[in-house]
Amino acid sequence: SLNDIYKTLEERGRVLGCPDQAVAVRGQMRDRLGAINRAVEGRARPRVLMTIARNADSVTSVMVGARGTFVDDMITAAGGQNVFGDLSAAYPSVSQEAILVARPEIVIEAMPEVRPTPELEAKIKKQWRELGPLPAVQQNRIYLLCDENATIPSPRIVEVIAKLARLFHPEAKFD
């Protein structure tokens with residue numbers, strides 16, 4: 001969770017003998033997240049599905065982050081609503097049927113290990129179209145998140161959250 005990142009940062013600062021620097025980084029993170037929060041506050045929260053892993057050839061074996069996870073925190077901090085935020089398992093695999101029922105308005109494919117290309121983006125969008133009539137497909141709001149920090153809970157996650165906020169609320173200004 002974001003709170004765990006703050007705690008770990010403080011612990012590492014103490015262990016490494018630089019607690020003041022850790023406190024400063026934590027403050028910068030909180031300031032940046034506060035600016036994002038103010039920019040998206042009061043706006044409609046789009047229903048978001050963020051994949052952590054899945055079958056490369058089809059939209060199957062889709063792993064997502066549920067309530068209380070780092071993924072759920074990122075979606076919420078960016079001004080979205082996690083469509084699987086009510087599940088009790090932390091990182092469940094969800095079925096195609098569950099995805100269709102959830103009707104996400106935005107799909108984020110977290111792929112920190114790949115380099116995005118137009119071909120990859122076209123392949124991913126085609127796979128989602130084949131799944132069925134989702135609002136995210138109909139509104140062309142399927143995005144690749146290929147940032148190497150996308151799934152690493154570290155202070156750099158604030159910039160990933162900013163990227164998500166720009167996708168969820170392109171009209172919001174916080175930079």
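The values are calculated or read from the model by the stated rules, or taken from the named source; none is laboratory data. A quick note: this is a predicted structure, and the numbers were derived from the prediction, not measured. Glycine gets a Cβ as well: all are built from the backbone with ideal geometry, and neighbour counts include every protein chain shown. Note: areas computed on protein heavy atoms with side chains; ligands, DNA, RNA excluded. Shrake-Rupley method; radii C 1.70, N 1.55, O 1.52, S 1.80 Å.
Summarising the strand pairing of the chain, around 30 percent of its internal DSSP beta bridges are antiparallel.
Of the residues A53, L131, P112, the one whose Cα sits farthest toward the positive end of the charge dipole of the chain, with +1 on the Cβ of Lys and Arg and -1 on the Cβ of Asp and Glu, is L131. Solvent-accessible surface of protein heavy atoms, probed at 1.4 angstrom with all chains present, puts Y143, Y91 in the order Y91, Y143, largest first.
Convex hull volume of the Cα atoms of the range 29-76, normalised per residue: 105 Å³.
Quote the accessible area belonging to D73 in square angstrom, nearest 10, computed with a 1.4 Å probe and with ligands, DNA and RNA left uncounted. Ignoring ligands and nucleic acids, D73 comes out at about 40 Å². For the chain, the longest principal axis of the Cα atoms and the long axis of helix 157-168 meet at an angle of about 40 degrees. Over the Cα atoms of the range 32-145, the radius of gyration divided by the Kirkwood radius equals 0.96; this is the Rg/Rh ratio. With a/c under 1.5 counting as rounded, go ahead and sort the range 1-65 into rounded, prolate or oblate using the C-alpha gyration tensor (a ≥ b ≥ c being the square roots of the eigenvalues; past the cut-off, prolate if a/b is larger than b/c, else oblate). Because a/c hits 1.5 or more and a/b fails to exceed b/c, the range 1-65 counts as oblate. In terms of the Cα gyration tensor, with a ≥ b ≥ c the square roots of its eigenvalues, is the range 82-175 rounded because a/c is under 1.5, prolate because a/b exceeds b/c, or oblate? Because its axes are fairly even, with a/c under 1.5, the range 82-175 counts as rounded.
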